[in-house]
Amino acid sequence: MQERIDLLVHNATELLTAKPASNGPVRGNELDQLEIIPNGAFAVNNGTIIAVGSSDELLSRYQAKREIDASGRLVSPAFSDPHTHLIHGGSRHLEWQAKVLEQPALGIDGGIRSTINATAAASDTELLTHATEILDDMLIAGTTAIEAKSGYGLSESSELRLLQLAASIKHPVKLSSTFLGAHTVPERHRENREAYISEVIAMMAAARELSDTCDIAIDPISFTAEEGQRLIDAAKLHNFELRVHADQTGDISGTELAAKAGALTVDHLDFVSDESLAALSHSTTVGVIFPAANMHLLDMTPGREGKQPRDLVAWADRLIASGAALALSTDYNPGTAPCTSMQMTMQLACRLYRISYASAWHLATINAAHALGNAAERGSIEVGKVADFVIWNVAEHGQVIHRIGSNLAAEVYIAGTIVARDGRRIETGK
Ligand code: NIG
Ligand code: FE
């Protein structure tokens, strides 16, 4: 007798499961061993995957209320995006053009500070409307879970406002909220960094009510290693999980501090030292890297304007060879990485880092879910996981990455329910 279930997806030309060979993030050489089931199928009941295998086997075993024939299509897990600066006012496109054209500064305070001003000037409704548009963009491109940071307030009331707005968002994309009061030192404290560090530490109790995770930027343009360590210690006292922006514009051992502190992620790593990398590879911390930011900045990295871009191929090679757990993310923000697409992120990763399609898919699915802290539920098509998946407009996983500039996600599903089709969100009432 056939078992009755809710949904059977079958005949996928390629069913890319991203199932890891062993527990934990996929590392080193294993990144090239991507599980793909030809003519694959999976069964879903109550929004959860209950079986994965060949179409012949699953079609004979189950009778489904709904069947999806994915002939000629690639089916993959949906993406997790573990590092975004979702809620902000303004857009820094004029500043970017001026830098690209090597024109004089625009007479505005650029970078993060410009976004802080634009965020303060925006109403709650404007911020939420914009954040929803960005989330829609992510969803139609196959992302169903993201991390979202505050960090464009940098005072107690403005940081809490951003965390409260994040908590109020109702959207099918699952949002995990992070307190980033320690993004950089705000203008008013430029001459008195200590005052701001005390202010951030004082914000932590209230921020903890609204977020489980605290991010601290340890970088030449943000906080020093010593300041960062104090902020880490304070965040730990408040039982925050940790994320660290580290070593984006120069090496100051932020990566090592993060790994030693047991952070969930350490993000950027552009100038990571061998010592820090060794600490990372012996830790459970996931290193999150951002090809869209690398591409968008090239020789315009803050504080390093005009210098030669780094050798991204040698850098990525070193990171992967170290055996550290790594993940891809958009780093969505209005200045240095205005990118919402994990498809584009994989494309840039393959080209800029010279990594395989298989590696990019692992880094954007199962490893990104680890970086988001939700790999028990998402990131692969495996028994027991939530049925978040994408049916693609192409048959092979390499085509998704090879294509430039088109969203190839035909249908996006959350817990077995369709939420987007052909670039449009479908209202589910949830
Ligand atoms: O790329 N330390 C900051 N780095 C941020 C930049 C955000 C922005 O430029 O607005 C990042 O993650
Ligand atoms: Fe960031």
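Answer yes or no: is there a residue in the range 295-305 that is touching a residue at least 12 places away in the same chain (Cβ under 8 Å), touching a Leu at 6+ places or on another chain (Cβ under 8 Å) and crowded, with 21+ Cβ neighbours inside 10 Å.
Initial filter on the range 295-305 (touching a residue at least 12 places away in the same chain (Cβ under 8 Å)): 295-297, 300-305.
Filter again for touching a Leu at 6+ places or on another chain (Cβ under 8 Å), leaving 295.
If we keep only those that are crowded, with 21+ Cβ neighbours inside 10 Å too, we end up with none.
No, the conditions are met nowhere in the range 295-305.
Residues in the range 216-238: is at least one among the polar types (S, T, N, Q) and touching a Gly at 6+ places or on another chain (Cβ under 6 Å)?
Here is the first cut: in the range 216-238, the ones among the polar types (S, T, N, Q) are 222, 224, 229.
The next check asks that each one be touching a Gly at 6+ places or on another chain (Cβ under 6 Å); those that pass are none.
So far as the range 216-238 goes, no, none of its residues is among the polar types (S, T, N, Q) and touching a Gly at 6+ places or on another chain (Cβ under 6 Å).
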Which one is farthest from W315 (Cα to Cα) among residues in the range 233-248 that are open to solvent by less than 10 Å² (accessible area, probe 1.4 Å) and within 16 Å of ligand 1 (Cβ to nearest atom)? L242
Which of the residues spanning the range 127-165 are away from ligand 1 (no atom under 16 Å from the Cβ) and of a type in the set (K, R)? R161
Looking at H245, H282, which is the one that is on the phi < 0 side of the Ramachandran plot and either more than 20 Å from the chain's Cα centre (by Cα) or of a type in the set (A, V, I, L, M, F, W, C) (or both)? H282
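Residue-wise test of (1) outside any loop (DSSP other than H, G, I, E, B); (2) more than 11 Å from the chain's Cα centre (by Cα); (3) within 23 Å of H88 (Cβ to Cβ); (4) within 15 Å of ligand 1 (Cβ to nearest atom).
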| position | (1), (2), (3), (4) |
| --- | --- |
| V288 | yes, no, yes, yes |
| H296 | yes, yes, yes, yes |
| G306 | no, yes, no, no |
| W315 | yes, yes, no, no |
| R318 | yes, yes, no, no |
| Y332 | no, no, yes, yes |
| A337 | no, yes, yes, yes |
| M344 | yes, yes, yes, no |
Flagged in the range 124-158 as under 18 Å from K170 (Cβ atoms) and open to solvent by 10 Å² or more (accessible area, probe 1.4 Å), in numbering order, are D124, T125, E126, L128, T129, H130, T132, E133, I134, D136, D137, I140
Need pairs with beta-carbon distance below 6 Å; first residue assigned by TED's automatic domain parsing to the domain that holds G181 and within the range 208-222, second away from ligand 2 (no atom under 12 Å from the Cβ) and of a type in the set (D, E, K, R); sequence gap 6+ or separate chains. D212/E241; T213/E241
Quick one: which strands (runs of 3 or more DSSP E) sit completely within the range 371-430 and have at least 2 residues that are open to solvent by 30 Å² or more (accessible area, probe 1.4 Å)? 417-421
Every residue in the range 87-114 that is in contact with a His (Cβ under 9 Å, 6 or more places away or on another chain) and of a type outside the set (V, I, T), please. H88, G89, W96
Pairs, please: C-beta under 8 Å, at least 6 apart or cross-chain, first residue among the acidic types (D, E) and in the range 226-249, second away from ligand 1 (no atom under 11 Å from the Cβ) and open to solvent by 60 Å² or more (accessible area, probe 1.4 Å)? E227/R193; E241/D212
Would you say T84 is in contact with a Phe, Trp or Tyr (Cβ under 9 Å, 6 or more places away or on another chain) and within 16 Å of ligand 2 (Cβ to nearest atom)? yes
Based on this model, can you work out whether L101 counts as assigned by TED's automatic domain parsing to the domain that holds S150, among the aliphatic types (A, V, I, L, M), farther than 29 Å from A371 by Cβ and surrounded by fewer than 13 Cβ atoms within 10 Å (Cβ to Cβ)? yes
If L31 passes every condition in (1) surrounded by fewer than 19 Cβ atoms within 10 Å (Cβ to Cβ); (2) under 27 Å from the mean Cα position of the chain (by Cα) but one, which one does it miss? (1)
When you look at I197, is it of a type in the set (V, I, T), outside any helix (DSSP H, G or I) and open to solvent by less than 10 Å² (accessible area, probe 1.4 Å), yes or no? no
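The values are calculated or read from the model by the stated rules, or taken from the named source; none is laboratory data. Computed from a predicted model, the values in this text were never measured in an experiment. Cβ: placed from backbone, ideal geometry, glycine included. Neighbour counts: every protein chain shown. For the accessible areas, the whole protein counts, side chains as well, though only heavy atoms, and no ligand, DNA or RNA atoms are used. Shrake-Rupley method; radii C 1.70, N 1.55, O 1.52, S 1.80 Å.
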